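The values are calculated or read from the model by the stated rules, or taken from the named source; none is laboratory data. Being a predicted model, the structure only gives us computed values, none of them experimental. Glycine gets a Cβ as well: all are built from the backbone with ideal geometry, and neighbour counts include every protein chain shown. For accessibility, only protein heavy atoms count, side chains too; no ligands or nucleic acids. Shrake-Rupley method; radii C 1.70, N 1.55, O 1.52, S 1.80 Å.
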Amino acid sequence: ASPYAWCVHRKSMAEAQFLAKVLDAGVKVRYATMPFDRSDQQFDAGALVITRADNHALSADLDAIVQAAAANANVPLHPIFSGWANKGNDLGSDRFVLINRPEVALVYGEDVDDNPYGHTWFYFEQELGYPVTPVALDRLARLRLTDYTTLIFPHGNYNLPENVLKSIQEWVRQGGRLIAFEGAVRAFADKEGFELKSKSDTKKDTAATTSPKPYLAREREGISDNVPGAVVQTRVDATHPLTFGFSGRYFSLKTTSNAFEMPTNAHTPIWLSEDFQSYGFIGSRLKPRLKNTPVAAVQRMGSGDVVYFVDNPLYRCFWEQGKVLFANALFF
């Protein structure tokens, strides 16, 4: 028999691929903001729910579309035959939020680093299987941003004019979602209207010396502010939609030495604590500066939001937790 709803656990990229497929087919999907029980299954926050009531327009095609997408992504489906909960909220509750199908634009241009742009393009085309439109950075001032719901700025060295910043802010206030990562975060940090602020450098030793430093000492000092390769264990707010699907922790591939203050008027779902663990090499002057800094922050701006990723979650498209994190930013 056709079920009242289909439910899917949210744990990996496979569910993101499934979600991308059904959304692209016109299926309306909700995600749970709180845990709930149905039949013999205990679902965590972030679980996907497809109800027949939301999808009257698809009629008899709904089951075939959902089952084909699940088989393609190798995702187990859990048919539910009642909207009543064994435990938690009923399926008609406002705790199940409707996912708006994203219309995604990806910025390219001279200020954009080719590699992160390619990583992001590969993620959409080969990993997620979801359409994305490239838009030229030098045409943003003339672009009709209302054609898109999501605007992605990959890593780069940006110098955005004031009129472009203002048009992006206005678009976000009207419901748009801006996602910036790594170097792109600096394009918006410290600007009026954006909550992320750079963290000041710790004072360096400026004591005068009477003899030149040895070559090896200079080389060592040169990497004291850098992070050539490291992974950091972060703290996670498991109640925020950005972290749904994680088991209470997130390991970030550290791709930048940029450090920002903990924002007061934005959410910080992922951050580095005072005693954060790291694996690999982080410069001796940089590591203390990274304490109590955000790894991911979400700022509400009018009806839209800005998602800041300090590090690149899609670096070379091999970091599995990063790919799940980016999918949460895109869909949730």
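Quick notes on this one:
- Ordering Ala105, Asn115, Ala70 by the projection of their Cα atoms onto the charge dipole of region 49-150, which places +1 on the Cβ of Lys and Arg and -1 on the Cβ of Asp and Glu, puts Ala70 at the extreme positive end.
- Fraction of accessible area attributable to carbon and sulfur, the chain (%, probe 1.4 Å): 47 percent
- Magnitude of the charge dipole, the chain, Cβ model with Lys/Arg +1 and Asp/Glu -1, debye to 20: 580 debye
- Per residue convex hull volume, Cα atoms of region 251-311, in Å³: 83 Å³
- Solvent-free Debye scattering, log10 I(q)/I(0), computed from the Cα coordinates of the chain at q = 0.07, 0.12 Å⁻¹: -0.32, -0.87
- Net charge dipole size for region 263-317 [Lys, Arg +1 and Asp, Glu -1 on Cβ; Debye, nearest 20]: 200 debye
- Each helix, a run of at least 4 DSSP H residues, gives -39500 (n - 2.57); summed and divided by the residues of the chain, these come to -6000 deg cm²/dmol at 222 nm.
- With respect to the chain, whose longest principal axis is taken over its alpha-carbon atoms, helix 162-173 is tilted by about 30°.
- Comparing Gly248, Leu178, Ala47 along the charge dipole axis of the chain, the residue lying farthest to the positive side is Gly248, per the Cβ-charge model.
- With Cα atoms, 0 to 90° folded angle of helix 320-331 axis to the chain main axis: 60 degrees
- Accessible solvent surface per residue of the chain, calculated while the other protein chains remain in place, 1.4 angstrom probe, Å²: 49 Å²
- Evaluating 6.51 cos²θ - 1.76 cosθ + 1.60 at θ = phi - 60° for every residue in region 294-303, the Karplus couplings come out as x, 9, 9, 9, 10, 10, 7, 9, x, 8 Hz, glycine and proline recorded as x.
- Which of Gln233, Gly83, Ser2, positive extreme of dipole for the chain (C-beta unit charges): Gln233
- Net charge of the neighbourhood of Pro154, taken over other residues with C-beta under 12 Å away and scored Lys/Arg +1, Asp/Glu -1, is -4.
- Of the GluC sites (Glu not before Pro) found in region 75-171, those that fall in a DSSP loop while having at most 11 other beta-carbon atoms within 10 Å are Glu110.
- Every Cα-Cα pair of region 14-154 was included, and the share exceeding 27 Å stands at 34 percent.
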